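In what follows, a single structure is set out as structure tokens and then discussed.
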Amino acid sequence: MDKDHQKEVRESLYTSLKELGLSDLEIELYTISLTLGPSPITEIAKYLGISRPNVYKIIKELEIHGLTKFSNNNKYSRHFMVEPPTVILEKIRAKKESMHQLDHQIVSSLPDLLALYQQGDKNTSIKILQGKEQYLKALNLLIDEAGKEIAFLGSADDFLDFFEDIEVENIWQKKRIQRKIFNRTLITEGEKTLQIKASSPEQLRETRILKTDSPFVTSFQLFANKMIIWQPKAPLAVLIEDQYITAMFKVIFDSLWEISQTKNVLAICHHGKNRSKYLAKYLSEKGYNTEYAGTHANIENMLTQEKIDKADIIIFVQKILQLDNNLDFNNKRIIALEVDDRTADLDGDAWIDYQNKFVYPELKKQIDKYLPFL
């Protein structure tokens, strides 16, 4: 072994023993004994340049670390040796495993510890984050400190476009699900709205649609005593650590969350297969839970009391509809439109063309006046 390599090996051994908590004298004794093999205490004392009683003191410390071995059963014999380097490796690995478990315990307990943390007189921390590396750190911070829940409000389309690479979002969601962190998501209408809403049960997420006539591109997430505001147009993110600001935004979020609970809408027409069906589909695309039915007797999709009871809002496409007197609408919210689809002289393709050009646009026009349903 050349001198450079020998020096490198000694440095590596020194670093490993330091990692196990040995002092410089303990490391020196181990290194010398490793080279000498089983040796009398007097010889070891000579190499170290210290008295024999002090050598025994160091040996006792090495015993505590589990790195000593005597050549016979007499503990105080003058022949002493140390455990081989493989024992050091085992102890290093055991320590790393222990630290890994401790790290996992701390991460798991961190949300509860943060919940006990009170800001007091500590100054508010506001950081402007720019660049993909900082954005990813912010996302990881969400996972590490979120506890049982993350709250998101904003434009899902713009938030997902913020990271450009959809795989980043997918990896983050997988980590969140592994940590069993629930995500309350309140999103504005957009191209990805139905996709996100449909995937909610599998992703530990409840999604609601925020109905607004004034769309916006920004979003924010609340977790622990922090919040992140995402501004995709700059682009930048603002990390705010302040329990009072976060508490205020949580009240705002919870209020909007309550009024954004998905409404169950029942659309009713004569035969339950044209106007009510179209209206139900249109409102479903707006994020509402919808059903449709007809008032005529003996039709396949007939109006029933069960459908009425499930509905929060009932829409009649026409004011003059014959109803079964036994049906109880039980103070339901009723919306009455006035859209007729009957044509005396049209059938086949001509009738379909009439629906597409006149009836369906009129249904949309009249119902849009009532949207969003609150």
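The values are calculated or read from the model by the stated rules, or taken from the named source; none is laboratory data. Keep in mind that this is a model prediction, so the values were computed, not measured. Cβ coordinates were reconstructed from backbone atoms using ideal geometry, including for glycine residues, and neighbour counts include every protein chain displayed.
Name the single residue that is surrounded by the fewest Cβ atoms within 10 Å (Cβ to Cβ) among those in the range 317-364 being at positive phi and assigned to a loop (DSSP other than H, G, I, E, B).
Result: Asn331.
Every residue, every condition in (1) crowded, with 18+ Cβ neighbours inside 10 Å; (2) in a helix (DSSP H, G or I); (3) of a type in the set (Val, Ile, Thr); (4) more than 31 Å from the chain's Cα centre (by Cα), yes or no:
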{"position": "Leu266", "(1), (2), (3), (4)": "yes, no, no, yes"}
{"position": "His271", "(1), (2), (3), (4)": "no, no, no, yes"}
{"position": "Lys277", "(1), (2), (3), (4)": "yes, yes, no, yes"}
{"position": "Asp309", "(1), (2), (3), (4)": "no, yes, no, yes"}
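Pairs needed: first member in the range 169-188, farther than 15 Å from Glu258 by Cα; second member anywhere, among the acidic types (Asp, Glu); C-beta distance under 6 Å; at least 6 residues apart or different chains.
If the second residue must be among the acidic types (Asp, Glu), the pairs left are Phe182/Glu149.
For the range 365-374, how many residues meet the condition of being surrounded by 15 or more Cβ atoms within 10 Å (Cβ to Cβ) and in a helix (DSSP H, G or I)?
Within the range 365-374, the subset surrounded by 15 or more Cβ atoms within 10 Å (Cβ to Cβ) is 366-367, 372-373.
Keeping just the survivors that are in a helix (DSSP H, G or I) gives 366-367.
Qualifying residue count, the range 365-374: 2.
In the range 153-168, is there at least one residue being surrounded by 16 or more Cβ atoms within 10 Å (Cβ to Cβ), over 16 Å from Ile229 (Cα atoms) and assigned by TED's automatic domain parsing to the domain that holds Ala237?
Yes, because at least one residue in the range 153-168 is surrounded by 16 or more Cβ atoms within 10 Å (Cβ to Cβ), over 16 Å from Ile229 (Cα atoms) and assigned by TED's automatic domain parsing to the domain that holds Ala237.
Return yes or no: is Met248 within 30 Å of Gly131 (Cβ to Cβ) and either of a type in the set (Asp, Glu) or not in a strand (DSSP E or B) (or both)?
Spelling it out, Met248 is indeed within 30 Å of Gly131 (Cβ to Cβ) and either of a type in the set (Asp, Glu) or not in a strand (DSSP E or B) (or both).
Somewhere in the range 281-290, is a residue of a type in the set (Val, Ile, Thr) and assigned by TED's automatic domain parsing to the domain that holds Gln355?
Taking every residue of the range 281-290 in turn, at least one turns out to be of a type in the set (Val, Ile, Thr) and assigned by TED's automatic domain parsing to the domain that holds Gln355.
Hey, can you tell me all the residues within the range 259-278 that are touching a residue at least 40 places away in the same chain (Cβ under 8 Å) and not polar (S, T, N, Q)?
Correct list: Ile259, Lys263, Val265, Leu266, Ala267, Ile268, Cys269, His270, Arg275, Tyr278.
Answer yes or no as to whether Val251 is more than 25 Å from Lys174 (Cα to Cα), surrounded by fewer than 20 Cβ atoms within 10 Å (Cβ to Cβ), assigned by TED's automatic domain parsing to the domain that holds Lys174 and of a type in the set (Val, Ile, Thr). Write out each step before concluding.
Numbers: more than 25 Å from Lys174 (Cα to Cα): yes; surrounded by fewer than 20 Cβ atoms within 10 Å (Cβ to Cβ): yes; assigned by TED's automatic domain parsing to the domain that holds Lys174: yes; of a type in the set (Val, Ile, Thr): yes.
Taking the combined requirement at face value, the residue satisfies it.
Based on what the data block shows, is Glu191 assigned to a loop (DSSP other than H, G, I, E, B), farther than 16 Å from Ala237 by Cβ and among the acidic types (Asp, Glu)? Before you say what the answer is, go through the steps one by one.
Values: assigned to a loop (DSSP other than H, G, I, E, B): yes; farther than 16 Å from Ala237 by Cβ: yes; among the acidic types (Asp, Glu): yes.
When the stated conditions are applied, Glu191 passes them.
Only one residue in Leu20, Leu67 is closer than 23 Å to Glu97 by Cα and in contact (Cβ under 8 Å) with a residue 60 or more places away in the chain, so which one is that?
Only one candidate qualifies: Leu20.
With the requirement that a residue be over 30 Å from Leu256 (Cβ atoms), among the acidic types (Asp, Glu) and modelled with pLDDT of 85 or more, what does the range 315-374 give you?
The answer is Asp328, Glu338, Asp340, Asp341, Asp349, Asp353, Glu362.
Please enumerate the residues belonging to the range 211-223 that are more than 16 Å from Leu160 (Cβ to Cβ), modelled with pLDDT under 85 and not charged (D, E, K, R).
Thr212, Ser214
Considering only residues that are modelled with pLDDT of 80 or more, among the aliphatic types (A, V, I, L, M) and in contact with a strand residue (DSSP E or B) (Cβ under 8 Å, 6 or more places away or on another chain), which ones fall in the range 143-196?
Ala146, Ile150, Ala151, Leu153, Ala156, Ile181, Leu186, Ile187
Can you tell me which residue in the range 254-264 is nearest to Asp312 (Cα to Cα), limited to those that are surrounded by fewer than 18 Cβ atoms within 10 Å (Cβ to Cβ) and not hydrophobic (A, V, I, L, M, F, W, C)?
Asn264
Of Ile334, Ile313, which residue is farther than 17 Å from His271 by Cα and touching a Lys or Arg at 6+ places or on another chain (Cβ under 7 Å)?
Result: Ile313 is the single residue among Ile334, Ile313 that is farther than 17 Å from His271 by Cα and touching a Lys or Arg at 6+ places or on another chain (Cβ under 7 Å).
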